[in-house]
Each structure stands twice: as C-alpha cells, then as structure tokens.
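The values are calculated or read from the model by the stated rules, or taken from the named source; none is laboratory data. Just so it is clear, the model here is predicted, and its values are computed rather than measured. A quick note on method: Cβ atoms are made from the backbone with ideal geometry, for glycine too, and the neighbour counts reach across all protein chains shown.
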Amino acid sequence: MNAPALLLIDLQRAINDPRWAAEGPRNNPEAEANVARLLAAWRAAGHPVIHVRHDSVEPNSTYRPGTPGHAFKEEAIPAAGEIVVAKRTNSAFIGTGLDDLLRGRGITALVVAGVVTNNSVEATVRMAGNLGYATTVVSDATCTYAKRDGRGRVWSAEDVHALSLANMDGEYAIVATTEAVLAALLPG
C-alpha cells in the first residue's frame, strides 16, 4: 500500500477576511501551525502532498482569483513538484480530476486538513469516503467559524466544528489529532 497523501484544502489567505467571522471567531487558532507540522513531516518522509486551491467564480468571494485572498497561506505554500488542484465548488472531487489523479498514482488513503471544516473539508471527506478512500481528518488542523442557523441561533465555531467532525467520523473517515497522525506516520 502506498503512503497516504496529505490533502490540504483551501489554505488560502481568503480565510483571514473579517467577513468569515461575522457571527463570531473561528476555532482552532493553532490549525495552521498543525498544518505546517504535518506538511513538514510529509515532505521529510517523501510522501505525496496535494494542495487544493479554491478558485471562486463568485464576484464577491474572498477566494476569487486575482484578489489577495487567493494566495496560499504562508504555512501551506506548495513546494516545487507538489500538486495543486484548482476547484470551483466545495468538494475537491467535483470537476477537478482529483479522483483520477489519486487512482493514477495508486493512492488509496488520504489525510485531510484545511478549511472550512463544515464546508469544503466535510464535502471533500464525504466524497472521499464514498469513493472508497481510507480517509483521516485531522481535527486540530481544520477550523471553522460560528454559524447562524435558519432559526436565528448562532452556533459557536467549536460546536459547528464538533458536529461536522461527528458527521464525518466513522462512515466517511477517521478523525484524529495531529499528534496521532504524526505518531502513525513516524512510529517509534
């Protein structure tokens, strides 16, 4: 079995835009630092790394190409030779060729980190699970924001994050911490 690919989702400067925090602050302020630790370990081990970049077609999106938010965050800038997959929807598998790319390289397992937990991360992880990939979501290398529901209640970012992880855990993926993932990657 090949090593799992590290799939980094939408780690772009767009997520720093204050509009994302309109309902309240995000959770996991250490998420980017944990992403950097995962990325360093994957690179050191020579395992595959795939960066997913959101190329929004929405006029006011913080992820729109040509805007400052479109650039990758410092902690997740692709290195030479690392694959960048551009997407226009919430799932990294829709309209991108990601499934063919993974299968063509014999990759059957994914470790997923990035933003936003309850949007692009969850949409991608659900599809990965449905497509048969052994998927791990790194709980402390993902983050989200507070969200208002249809009844007007604002749910904290931590609650939204926890529920999204619960949605994914078991049926679509395994949920693990950065420490657990690194320990599995680099045992002993």
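Take the residues of segment 114-170 that are polar (S, T, N, Q) and assigned to a strand (DSSP E or B): which is surrounded by the most Cβ atoms within 10 Å (Cβ to Cβ)?
T142
I need the full set of residues from segment 77-88 which are touching a residue at least 12 places away in the same chain (Cβ under 8 Å) and either touching a helix residue (DSSP H, G or I) at 6+ places or on another chain (Cβ under 6 Å) or assigned to a loop (DSSP other than H, G, I, E, B) (or both), in order please.
P78, A79, E82, V85, R88
State all residues of segment 30-76 that are out of contact with any Ser or Thr (no Cβ under 6 Å at 6 or more places or on another chain), assigned to a loop (DSSP other than H, G, I, E, B) and either over 26 Å from L110 (Cα atoms) or in contact (Cβ under 8 Å) with a residue 60 or more places away in the chain (or both); if no residue qualifies, say none.
E30, H47, V57, E58, P59, N60, S61, T62, P65, G66, T67, K73
Inspect segment 87-100 for any residue being modelled with pLDDT of 95 or more, within 15 Å of P4 (Cα to Cα) and buried (at least 19 other Cβ atoms within 10 Å of the Cβ) and give the result as yes or no.
yes
Residue-by-condition table, conditions (1) out of contact with any Ser or Thr (no Cβ under 8 Å at 6 or more places or on another chain); (2) of a type in the set (V, I, T); (3) on the phi > 0 side of the Ramachandran plot:
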{"residue": "I94", "(1), (2), (3)": "yes, yes, no"}
{"residue": "D99", "(1), (2), (3)": "yes, no, no"}
{"residue": "I107", "(1), (2), (3)": "yes, yes, no"}
{"residue": "A134", "(1), (2), (3)": "no, no, no"}
{"residue": "K147", "(1), (2), (3)": "yes, no, no"}
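Could you list, ordered by first residue, the pairs with Cβ atoms under 6 Å in which the first is in segment 113-126 and modelled with pLDDT of 95 or more and the second is among the acidic types (D, E) and buried (at least 24 other Cβ atoms within 10 Å of the Cβ), at least 6 apart or interchain?
These pairs meet every condition: G114/D10; V115/D10; S120/D10.
Is there a residue being under 22 Å from D140 (Cβ atoms), among the β-branched types (V, I, T) and touching a residue at least 12 places away in the same chain (Cβ under 8 Å) anywhere in segment 6-15?
Within segment 6-15 (the criterion being under 22 Å from D140 (Cβ atoms), among the β-branched types (V, I, T) and touching a residue at least 12 places away in the same chain (Cβ under 8 Å)), the answer is yes, since at least one residue qualifies.
Take the residues of segment 171-180 that are within 15 Å of N34 (Cα to Cα) and over 15 Å from the mean Cα position of the chain (by Cα): which is surrounded by the fewest Cβ atoms within 10 Å (Cβ to Cβ)?
Of everything passing the filter in segment 171-180, E179 is surrounded by the fewest Cβ atoms within 10 Å (Cβ to Cβ).
Can you tell me which residue is farthest from N130 (Cα to Cα) among those in segment 144-178 that are without any contact (Cβ under 8 Å) to a residue 40 or more places away in the chain and touching a Lys or Arg at 6+ places or on another chain (Cβ under 9 Å)?
The residue in question is W155.
Go through (1) free of Cβ contacts under 8 Å to residues at least 40 places away in the same chain; (2) farther than 27 Å from L185 by Cα and name the single condition R103 misses.
(2)
What is the number of the single condition among (1) in contact with a His (Cβ under 6 Å, 6 or more places away or on another chain); (2) more than 22 Å from A3 (Cα to Cα) that P78 does not meet?
Of the numbered conditions (1) in contact with a His (Cβ under 6 Å, 6 or more places away or on another chain); (2) more than 22 Å from A3 (Cα to Cα), the odd one out for P78 is (2).
Hey, can you tell me all the residues within segment 18-29 that are more than 21 Å from T124 (Cβ to Cβ) and part of a helix (DSSP H, G or I)?
Answer for segment 18-29, where residues must be more than 21 Å from T124 (Cβ to Cβ) and part of a helix (DSSP H, G or I): P18, R19, A21.
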